[in-house]
1. Tally time: how many residues in region A:68-112 are among the small types (Gly, Ala, Ser) and in contact (Cβ under 8 Å) with a residue 40 or more places away in the chain?
2. Would you please list the contacts, defined by Cβ atoms under 8 Å and residues six or more apart or on different chains, that run from a residue in region A:135-159 that is in contact (Cβ under 8 Å) with a residue 24 or more places away in the chain and on the phi > 0 side of the Ramachandran plot to a residue that is of a type outside the set (Asp, Glu) and assigned to a loop (DSSP other than H, G, I, E, B)?
3. What do you reckon, is residue B:548 away from chain A (no Cβ under 14 Å), crowded, with 22+ Cβ neighbours inside 10 Å, touching a strand residue (DSSP E or B) at 6+ places or on another chain (Cβ under 7 Å) and basic (Lys, Arg)?
4. For residues that are in contact with a helix residue (DSSP H, G or I) (Cβ under 7 Å, 6 or more places away or on another chain) and in a loop (DSSP other than H, G, I, E, B), scanning just region A:83-118, find the one that is nearest to the other protein chains (Cβ to nearest Cβ).
5. Does at least one position in region B:340-352 carry a residue that is over 30 Å from residue B:567 (Cβ atoms), in contact with a Gly (Cβ under 9 Å, 6 or more places away or on another chain), among the small types (Gly, Ala, Ser) and within 14 Å of another protein chain (Cβ to nearest Cβ)?
6. Which of the residues that make up region B:423-447 are touching a strand residue (DSSP E or B) at 6+ places or on another chain (Cβ under 8 Å), within 30 Å of residue B:510 (Cβ to Cβ) and among the acidic types (Asp, Glu)?
7. Evaluate region B:368-389: report whether one residue or more is more than 30 Å from residue B:129 (Cα to Cα), in contact with a Gly (Cβ under 7 Å, 6 or more places away or on another chain) and not acidic (Asp, Glu).
8. Look at region B:108-130 and say how many of its residues are crowded, with 24+ Cβ neighbours inside 10 Å and facing chain A (nearest Cβ under 8 Å).
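The values are calculated or read from the model by the stated rules, or taken from the named source; none is laboratory data. This structure is a prediction, so every number in the text was calculated from the model and none was measured. In this analysis, Cβ positions are derived from the backbone assuming ideal geometry, glycine residues included, and neighbour counts consider all displayed protein chains.
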Amino acid sequence: MATNILEVNMYRYNPEEDKFPYIKQYQIEKPAKDIMVLDLLHLLKEQDESISYRRSCREGVCGSDGMNINGKNGLACITPISSVLKKNKIELRPLPGLPVIRDLVVDMTEFYAQYEKIKPFLQNSTTAPEQERLQSPEDRDKLDGLYECILCACCSTSCPSFWWNPDKFLGPAALLQAYRFLADTRDLKTNERLEDLSDPFSVYRCHGIMNCVSVCPKGLNPNKAIGEIKTMLLKDKKEIITTDGAMN
Amino acid sequence: MTNYNSSNIKTLEFDALIIGGGGSGMRASLELAKSGLKTAVVSKVFPTRSHTVSAQGGITCAIQSADPNDDWRWHMYDTVKGADYIGDQDAIEYLCSEGPKAVFELEHMGLPFSRFENGRIYQRPFGGQSKDYGKGGQAARTCAAADRTGHALLHTLYQNNVKEGTNFLNEWFAVDIVKNDQNEVTGVIAFSIEYGEVAYLKAQSTVMATGGAGRIYASTTNALINTGDGLAMALRAGYPAQDMEMWQFHPTGIYGAGSLVTEGCRGEGGYLINKDGERFMERYAPNVKDLAGRDVVARSMVLEILEGRGCGENNDHIYLKLDHLGADVLNAKLPGICELSRTFAHVDPIYEPIPVVPTCHYMMGGTPTNINGQAFNRIDGTDSIVPGLFAAGEAACVSVHGANRLGGNSLLDLVVFGRATGMFIQEDLKSGGGVKSADKDDIDNALDRLNTLNNSDSGYETAEVKKELQQCMQNYFGVFRRGEYMKKGLDELQEIREKVDLLHLKDKSNAFNTSRVEAIELQNLFEVAEATAIAAYSRDESRGAHARDDFPDRDDERWLCHSLYDPLSKTVSKRDVNFNPSEVEAFPPIVRTY
């Protein structure tokens with residue numbers, strides 16, 4: 001194939017027309033300068049308006065355009081084609097493990113449900129002061145690497161444990177947020193939060209495969225957060241054991 | 001395709017309907033969810049994908065953290081001056097005085113603000129900020145969560161809406177307003193993007209919280225979804241728009257990509273240089289230099305470029321220098337900027353300057369409202385409330401930003417007026433307010449546009465017409481404007497109008513048909529662009545962001561007023577600016593220098 005032609009193999013599925021999904025091949029002139037995968041999708045959509053994908057901010061902060069690009073999950077808008085091209089070919093598929101609505105658009109209901117399950121909001125029932133609650137810069141630093149999550153689902157949908165138990169294992173994205181609230185000195189429901197996580201599935205189905213870390217487009221580390229949660233759960237357990245011991 | 005009419009679509013009924021899941025929409029819905037009224041947020045994207053997420057530098061508010069003697073009245077003075085005196089002073093007073101309460105609420109909700117050593121919220125300097133009514137030097141008034149304040153704010157609001165059990169219609173797209181024979185708004189026609197199902201969403205109160213429309217320009221910091229849907233729906237329904245000529249061009253959009261680089265960069269000590277390495281803002285704004293109002297900085301940059309002192313091969317951009325701040329400051333205070341710059345400019349600001357250029361950023365105009373978010377029409381020279389219709393945030397023009405918005409004031413606008421709108425609707429509906437039902441014909445009328453598009457079998461392509469529209473606006477209605485060029489632009493718009501009315505939707509399918517959404521969005525963009533063009537051509541003076549090189553001076557005698565665009569006659573009339581704040585004396589217009 002001529003080197004100035006890009007071959008894009010795209011997963012296509014329209015539930016109203018297609019019995020099964022299929023891979024459609026597009027050929028397009030290689031742009032003069034390096035462009036993002038999202039720009040490539042825009043060009044293809046100008047050729048074939050039936051292509052469907054989500055997008056919004058086009059700068060990697062809204063988390064709309066997570067997809068599987070040449071086998072790896074990422075955000076189309078901040079993935080330069082030069083970084084993923086293999087022999088002038090790109091394969092685009094929807095995020096794995098979630099039902100496909102159409103083409104590159106997946107149904108994220110299950111992903112959001114897991115996020116909601118961890119009670120992703122600050123819980124502090126003490127009377128709020130007239131001004132802000134104080135927090136030292138050191139305590140605030142503990143939230144760095146956690147609060148920046150954009151809910152793109154690249155991590156959870158690359159996680160075999162999540163594929164296997166998407167209803168019971170919370171998945172890396174939700175667990176990262178679970179730890180974001182455990183780590184926040186302003187949140188007072190630490191014990192209740194830990195108790196909610198202490199069943200065999202919610203956290204413990206994480207086996208440290210680390211796909212979440214390798215795909216996170218924001219450079220976050222859900223695996224580390226999960227480790228911290230496990231440590232907190234163990235400490236919690238120890239305290240319970242000590243109490244039991246004292247009773248003996 | 002099926003022709004939709006009032007008898008073959010379903011009706012979903014609510015007390016309050018909020019169109020848009022960004023900052024203002026979710027702040028309003030939070031207030032309403034707590035009230036027990038049946039409320040729904042209709043959002044064309046999952047709420048955390050809304051454009052508020054892209055706000056970086058912070059939320060400006062006199063919370064007296066960086067400076068215990070700070071005063072909301074100084075913030076008010078700066079905002080009035082920044083607006084070039086056509087911001088309504090009663091609204092600005094409300095914004096600045098209620099602000100601290102609204103910001104502390106966000107902190108209580110969990111927003112992860114950066115902190116000072118004493119544990120209070122971190123505040124940084126931004127452009128146009130002063131102490132003591134401009135006499136006390138630079139203030140540091142912008143509350144920040146690193147350079148991801150919008151993200152932190154939007155997620156916090158979404159999280160608290162989850163907590164309160166707000167009802168979300170995510171990935172539903174509102175098409176047109178339904179109004180009854182009394183000209184009251186009774187809800188909208190909308191469809192589910194996911195399945196294509198069409199419904200009449202009926203409500204006693206409908207809030208347009210649909211954000212801006214920066215996508216009318218070819219080069220913009222705005223998300224692809226910023227297509228002015230709410231404002232366009234209001235215009236099509238015959239309701240006016242105010243100050244549409246006022247578009248903010250942010251000084252620092254990444255050259256070529258358009259992504260925003262926060263003003264906080266200059267607040268933290270960064271500055272702009274031309275090709276000679278000169279810090280040229282010293283010439284244009286000797287006192288505050290790079291922290292002058294955005295309109296002033298953007299114009300200075302364009303002048304540098306026009307006079308041949310631009311950077312790069314084509315001398316067509318400017319450099320933002322940050323490397324002197326050092327890696328520690330940049331990594332701690334501006335981590336998101338470093339990331340964006342590496343991705344989109346292929347430049348690491350720790351070592352090299354970022355190539356930037358003024359880029360369309362913010363719509364100061366919008367649906368005119370009062371402090372309660374109630375939209376109004378102009379009948380026989382007086383304001384007349386439109387029952388059932390509200391607007392908040394960038395979609396609205398309550399007018400706190402006048403002719404030029406100050407950095408950090410948009411996030412404050414969102415929370416203060418989203419909150420105020422929610423509170424007002426709650427009281428209004430509980431005390432018996434509401435609107436009369438629409439009849440079948442009213443609903444059918446609102447379905448017209450969708451039916452026309454669905455039945456199109458020939459016509460123009462959305463992507464092509466959109467490019468034409470954006471190029472036209474970019475060429476004739478940009479940073480500098482001139483009558484003869486704008487006339488040309490208006491003529492071009494006439495031609496584009498015909499194409500926009502004749503779009504061909506080839507793909508008629510129902511499941512996640514983004515082509516249908518994009519066609520309607522283009523029609524929305526057009527309404528906003530046309531209002532902009534006509535208002536810009538009418539205002540023959542220069543004020544704030546509206547710079548006419550054929551009328552370079554501010555003309556207070558003729559134009560110390562709002563422009564009000566009437567979509568039915570396509571003409572502009574004048575409306576008085578409010579100079580009656582309740583607690584302080586009004587700030588009279590003086591010459592605006594920095």
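1. 4
2. Final answer for the pair search is A:145/A:220; A:145/A:221; A:151/A:63; A:151/B:46; A:153/A:63; A:153/A:95; A:153/A:98; A:153/A:108.
3. When the stated conditions are applied, residue B:548 does not pass them.
4. My answer is A:118.
5. Checked against the condition, which is being over 30 Å from residue B:567 (Cβ atoms), in contact with a Gly (Cβ under 9 Å, 6 or more places away or on another chain), among the small types (Gly, Ala, Ser) and within 14 Å of another protein chain (Cβ to nearest Cβ), region B:340-352 yields at least one hit.
6. Across region B:423-447, the qualifying residue is only B:442.
7. No; the residues of region B:368-389 include none that is more than 30 Å from residue B:129 (Cα to Cα), in contact with a Gly (Cβ under 7 Å, 6 or more places away or on another chain) and not acidic (Asp, Glu).
8. Counting residues in region B:108-130 that are crowded, with 24+ Cβ neighbours inside 10 Å and facing chain A (nearest Cβ under 8 Å) gives 5.
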